[in-house]
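Heads up: the structure comes next, in structure tokens.
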Amino acid sequence: MMIGYRTILRFRNMMFWLSLTLCVQGCGMEQLSAEQSFNRAVAGLEGVDNFTFKGDAAIRNGDSGIFKQTVAFEGQLQNHNLLTLTTAKSPPSSSTASTYSAGSMSMDGLKGKMKYEKGAWRPLASGYSNGDWMSRLNPLEQLQYIGDTDKKVAEEYGAARGTKVLRIELAPEASRKMLSEALNGQMKQLRNRMDQKGDLLYSDNAKARERLQAVWERENQELNRLLSNTDVSTVFHLTVNKKSYLPQKLSSERKISYKDPSGRKWDETMVSDISFSEFR
């Protein structure tokens, strides 16, 4: 007898909620450690077939308190493994962010889809409009990375009634790796665009392509040099509903400190807030 993929998913979800009910009766979330609570919340979210989320992300340079770049976004998970992401146009900024900002590429008015295959989230189409930007805004991918990496998880005091707030601090090397993967992914996309006919970065002139490639290689080397001497710290806060064991909100703050080629020190803070709803 052949069993379909959807049938397996429904059975797995049914078993998850059954075990969840038994745990509520027998142990309760209050008796779970902070890390156990995190793992339970992530497992619960992975067991949901459909939900929606809304969020915003921003970048601030230095201690001015002024955000240089902002983006609002929303997403919808369907059939357990298909994710649609859209971004809203952000307001114009009177100043520019640093050259090597992890959010330095424009993310205004984008839409794309990702599918979970073979243990990873992958864009369903090539090109910048459906590329690396989605990974930075995909909460499922972020939680998967957090779950697999070195971290410290602690429960915060003063949570709202019926919720538990978990503070997750990534180890320094894990923070650096997360940043490096994001920036190197952007650089790889730029390099790929240089070979795609019709793209603004493509040229039929061989000498022009050679000059552009030389610029890319120089900038890529400088980026890797900066990353090797960059201090990165990343802290997430996950708000969990004690009754459903599902996440209500995921926020993050990443602080970056580095020196540019002239020796000038740059400090950058990246923040994001994501709210989950409509689980079914």
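Could you list all residues from the range 51-81 that are in contact with a strand residue (DSSP E or B) (Cβ under 6 Å, 6 or more places away or on another chain) and at positive phi? Break it down stepwise before answering.
Here is the first cut: in the range 51-81, the ones in contact with a strand residue (DSSP E or B) (Cβ under 6 Å, 6 or more places away or on another chain) are 51-62, 67-77, 81.
Matches in the range 51-81: GLY62 only.
Within the group ASP195, ASP231, ASP199, ASP260, which residue is surrounded by 11 or more Cβ atoms within 10 Å (Cβ to Cβ) and within 29 Å of VAL153 (Cα to Cα)?
Details: ASP195 fails: within 29 Å of VAL153 (Cα to Cα); ASP199 fails: within 29 Å of VAL153 (Cα to Cα); ASP260 fails: within 29 Å of VAL153 (Cα to Cα).
Result: ASP231 is the single residue among ASP195, ASP231, ASP199, ASP260 that is surrounded by 11 or more Cβ atoms within 10 Å (Cβ to Cβ) and within 29 Å of VAL153 (Cα to Cα).
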Next item on the list: May I ask you to list the residues in the range 128-158 that are surrounded by 15 or more Cβ atoms within 10 Å (Cβ to Cβ) and of a type in the set (A, V, I, L, M)?
Entry: MET134, LEU137, LEU140, LEU143, ILE146, VAL153
Note to self: Would you confirm, using the coordinates I've provided, whether SER228 is out of contact with any helix residue (DSSP H, G or I) (no Cβ under 6 Å at 6 or more places or on another chain), at pLDDT 95 or above and hydroxyl-bearing (Ser, Thr, Tyr)?
What the structure shows: no
Notebook entry, point to check: Which numbered condition trips up GLN196, out of (1) touching a Phe, Trp or Tyr at 6+ places or on another chain (Cβ under 6 Å); (2) under 20 Å from ARG136 (Cβ atoms)?
Noted result: (2)
Margin query: Of the residues ARG176, ARG254, ARG209, only one is of a type outside the set (A, V, I, L, M, F, W, C), in contact with a strand residue (DSSP E or B) (Cβ under 6 Å, 6 or more places away or on another chain), surrounded by 15 or more Cβ atoms within 10 Å (Cβ to Cβ) and in a helix (DSSP H, G or I); which?
Written below: ARG176
Next item on the list: Examine the range 211-231 for a residue that is without any contact (Cβ under 8 Å) to a residue 40 or more places away in the chain and among the β-branched types (Val, Ile, Thr), and state whether such a residue exists.
Entry: yes
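The values are calculated or read from the model by the stated rules, or taken from the named source; none is laboratory data. All figures in this text were calculated on a predicted structure; none of them were measured in a lab. Ideal geometry is used to build each Cβ from the backbone, glycine not excepted, and the neighbour counts take in all protein chains shown.
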